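Working notes, structure below.
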Amino acid sequence: MTSRGRRGLFLTGAAGLALLLLWGTAGLPDFGDYQHLYGLTLNAESVAATRATNAVAAVTFDYRGFDTLGEEFILFAAVLGTALLLRAQREEEEEPPEDMAPDRRPPHDSDAVRELCLGLVAPIFLFGVYIVVHGHLSPGGGFQGGVVLATAPLLMYIGGEYRGLRTVTPEAPLELVKGAGTGGYVLIGLSGLWFGTSFLDNALPRGNAGDVISSGTILALNLAVGMAVAGGLVLLLTEFLEQTLVLRSRSRK
Amino acid sequence: MSYLPFAVAVYLFLIGLWGIVISRNLIHLVVCLSVVQSSTYIVLLAVGYRAGGTAPIFLDVPVGRRAVDPIVQALTLTDVVVGVTVSALLLALAVQVHKRSGTLDPELLTSSRD
């Protein structure tokens, strides 16, 4: 089909779809006019029931804990798939990648960027740990904190220390962290069975709402997810960087 | 005014689809897909908004204070995570396509197969 024909077909279909979508959403309750029983009940009851002051975390890791397990597996599968896709190709390449500009030296790194980035690595790492550990109390949690944790190695790369990045994030421990995070989620879920209730039941002591060590398995699951997300994202990052950076770090000597 | 968030979601969904249809670059296509997906965030958050509600976090506001729906926020969190991982997978595919065929243009890819 020609490009013009395809656009025409799309515009016709999209016009119909737009009408249907607008018609469908017109029947929704007005914006701000909120009447759902589940949300109202959770906001009223969840702090007393789970001792987590962050109701979103209570939903994600307690009431909908099983769905989050599925989400965790999606993350695991996607990282695995990306690694496989990028790795298969690397093994096929017998000869090292060709240096397209051997006569030109790589540009000098800016000292300001370098110092700033390397100086920020430790504070960002600490901030990520804080976000993960306080996920049941304040906005944040394993997913958000894991992403912040993964940006610490990224800063090392931006600061021009690719070799340093590979030293602090070797592949095998990263895979271990990621696997331990995902497996840890399942193990914490199984602890419910150990205590004689059901899978992912919050059977641990819950403590007082507002304490850092409280809310039972919600905190533990946040830690597991934080590990899985941080490990997974750094793995993704290094897989993509390996695609182009092998060449640059070699020509740099 | 009360209908605006849903109209924005419909707009984002369709403009993202349009981008996918006319795309001449696979990376652009992946970005368009994430535009389509961001329309679902808006629908979810708009459905859960309660006029005058605060965030559903009761650390320094008392329980019982008017707050927005935590369930749709948790769903949006899931949505964001899935979106990021799918983008990563698709970008890896784009890298492979470029290595094997030397182009990122989907139109050239289809014609080279004939």
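The values are calculated or read from the model by the stated rules, or taken from the named source; none is laboratory data. Quick caveat: nothing in here was measured; it's all calculated off a predicted structure. Neighbour counts run over all protein chains shown; Cβ positions are idealised from the backbone, glycine included.
Considering (1) modelled with pLDDT under 90; (2) within 7 Å of another protein chain (Cβ to nearest Cβ); (3) in contact with a Leu (Cβ under 9 Å, 6 or more places away or on another chain), the lone condition that A:A18 does not fulfil carries the number (1). Among all positions in segment B:24-32, there is at least one residue which is in contact (Cβ under 8 Å) with a residue 24 or more places away in the chain, more than 26 Å from A:L75 (Cα to Cα) and within 11 Å of another protein chain (Cβ to nearest Cβ).
Only residues that are among the hydroxyl-bearing types (S, T, Y) and facing chain B (nearest Cβ under 7 Å) were counted in segment A:32-67, giving 4. Restricting B:R65, B:R50 to residues that are among the basic types (K, R), surrounded by 16 or more Cβ atoms within 10 Å (Cβ to Cβ) and either in contact with a Phe, Trp or Tyr (Cβ under 8 Å, 6 or more places away or on another chain) or facing chain A (nearest Cβ under 10 Å) (or both) narrows the list to B:R50. Here B:A51 passes the criteria (1) touching an Asp or Glu at 6+ places or on another chain (Cβ under 9 Å); (2) among the small types (G, A, S); (3) modelled with pLDDT of 90 or more except the one numbered (3). Considering segment B:1-23, and only residues there that are at the interface with chain A (Cβ under 7 Å from one of its Cβ atoms) and in contact (Cβ under 8 Å) with a residue 40 or more places away in the chain, the residue that is farthest from A:G16 (Cα to Cα) turns out to be B:P5. Candidates B:L59, B:L45, B:L77: the one that is within 11 Å of chain A (Cβ to nearest Cβ), touching a Ser or Thr at 6+ places or on another chain (Cβ under 7 Å) and not in a helix (DSSP H, G or I) is B:L59.
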